[in-house]
Amino acid sequence: MKTQCHQRLARYVAALSLGALVLPLHAGDIVGTVADTTNRGFLPGATVTLVQSGRTEATDSAGRFQFSDLPAGQYSLKVSYLGYEDKMLDVSVTASGAVPVAIQMGQAVVELDKYVVEGYREGRSRALQQKRNQTNISDIIASDAIGNLPDRNVAEAVSRLPGVSLSLQQGEGRYVSIRGVEPNLNQVTLDGATMASPGGTRLGRATPLDTLGASQISQIEVIKSTTPDMDANSLGGTLNIKTASAFDRKGRFIAGGVTGNYNETSEKYNLEAQLTFSDIYGKDGSWGLTANVNYDKRYFENHLVQASWNLRNVGGIDRYLPNDFQLKPEVGNTKRYGTSFNLEFRPDKTLRLYLRPNYSFSSNYENTFETNVSVDNSLQYVTFTTPTSGTYAGSRARTERRELRRLYEQDLFTLAGSFEKTLGDFKIEGMLTHSDAKETRVYDKSREFRNATGDTGPVQFDFSNFDFTRWSVDPTIDTPAKYPFAARATTTGSSTRAPALPKSM
């Protein structure tokens, strides 16, 4: 008896639920659910697209979605969900009534290639041992660890240390911040020689470390507290980059490599090559020479979206409505090459002399095509389809299109000569350094084309997930002929930093 009551109650609840779905529907509706095939759980937030019109809906917490007021005909639904294969479904909509659909998503099977896990215990142990014996607060990363990590430049290598953060440009590390302090207030040295900054967009001592390839260095020290033998001119800390020495290991040493990888976004191959040679000369092994050359070129492609908003009261509810939408697809490449030498003379254990020149070059090319659509989001110029989608009046819309091309080059040269003499418990050290850097703006060009207000036509929008699902115009109204030439600009020039002062003896 209880079982029959439960069955009747279940049928009654199901009928009420079906009625709740059907009652508010209009002719030509598609209603449905999206669920997991394996555990039969509903998938909230699934993206359901009506292919013929481009309309998109997101499923609610119960996996439900609905498309209303559709003319009779054949339609295709595309369902996307992270971690699942996309699902396509054909639906036939009649002239009246609702078409129920139940979509089952099967989880995608991802087949991985063979992978190898490598450690860097040797490099880490070496760095920790040196850190233990330091008289100040510092962190060290050795070349052994750098070689096992996918770091393309010094900035990316040093960012793995604690208390160090990184600022990126085109997806690659550039400036380093120590303990949250502005990079301007840090000191960067190469083998103890203060490095000059090429200037450009950052003034002061902020040195763009993406100019230096990771293969040019032997060790990186991040010194967070100064000692009496150091220059007290860094608020955040001192970043000391050390190049390799022939006396770091026994005998001749040759290492190199060529790496290529394919970037699916830019659909191009990136190339990296480097070669290091070191050897000890002389009858008594008192001369040492180390040389390094490196080259790499990386292509990038970004698809950036930017918008601005106003707070509007819609139906008694405050909502942020976009008033400007910008698409910024950009392509480009970063090229880097450099060389370093280290010539040392150690006639005995108490005397050491060396000469270390280091040169690095990098260039950055960018090509950006911007589309900037401005609208009037005052409520009298907005027609809402849903609380987060609708159409802006074309009479108050305007579009601007720009092409930007930039080519920047940076040169960095450092030369350090030094001697060290040990006299019993004392050490006498002298160093003479020279460093200069230059940033050359080979060209910075822009062209702008701008139509008149009203020539863009109505703008349809949909930001149901806050991220823009749709922002489109009618291509029959928004035509190239309506974009007259508006402005052009070309800028060239260079910024050269003064050579760094010699280090005091």
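For residue 488 and residue 89, calculate 0.36 nm times their separation in residues minus their Cα-Cα distance, and state this gained length in nm to one decimal.
Additional length available on full extension: 138.7 nm.
What nm distance separates the two modelled labels at residue 443 and residue 82, each placed 7 Å from Cα along Cα→Cβ?
Placing both labels 7 Å along Cα→Cβ, they lie 4.1 nm apart.
Assuming R0 = 41 Å, can you tell me the calculated FRET efficiency for the pair residue 313 and residue 259, based on Cβ-Cβ distance, to the nearest 0.05?
0.15
In what order do 77, 355 fall by count of nearby beta-carbon atoms within 10 Å, going from fewest to most?
Arranged by neighbour count, lowest to highest, 77, 355 become 355, 77.
Using a simple charge model, +1 on the beta-carbon of Lys and Arg, -1 on the beta-carbon of Asp and Glu, nothing else, what dipole does the stretch 435-476 show about its Cα centre, in debye to the nearest 20?
That gives a dipole near 180 debye.
Of the peptides 481-491, 442-452, 239-249, 82-92, how do they stack up when ordered by the mean number of other Cβ atoms within 10 Å, highest first?
239-249, 442-452, 82-92, 481-491
Starting from 0.36 nm per residue, how many nanometres of slack lie between residue 277 and residue 421 once their C-alpha separation is accounted for?
That works out to 49.1 nm of additional length.
How would 471, 309 line up from fewest to most surrounding beta-carbon atoms within 10 angstrom?
The fewest-first ordering by Cβ neighbours comes to 309, 471.
Under the 0.36 nm per residue contour assumption, what length would be gained going from the current alpha-carbon distance of residue 350 and residue 297 to full extension?
14.7 nm
Ranked by Cβ crowding within 10 angstrom, fewest neighbours first, how are 389, 395 ordered?
Result, fewest neighbours first: 395, 389.
No lab work stands behind these numbers, since they all come straight from the coordinates. Computed from a predicted structure; not experimentally measured. Please note: Cβ atoms are built from the backbone with ideal geometry, for glycine as well, and neighbour counts cover all protein chains shown.
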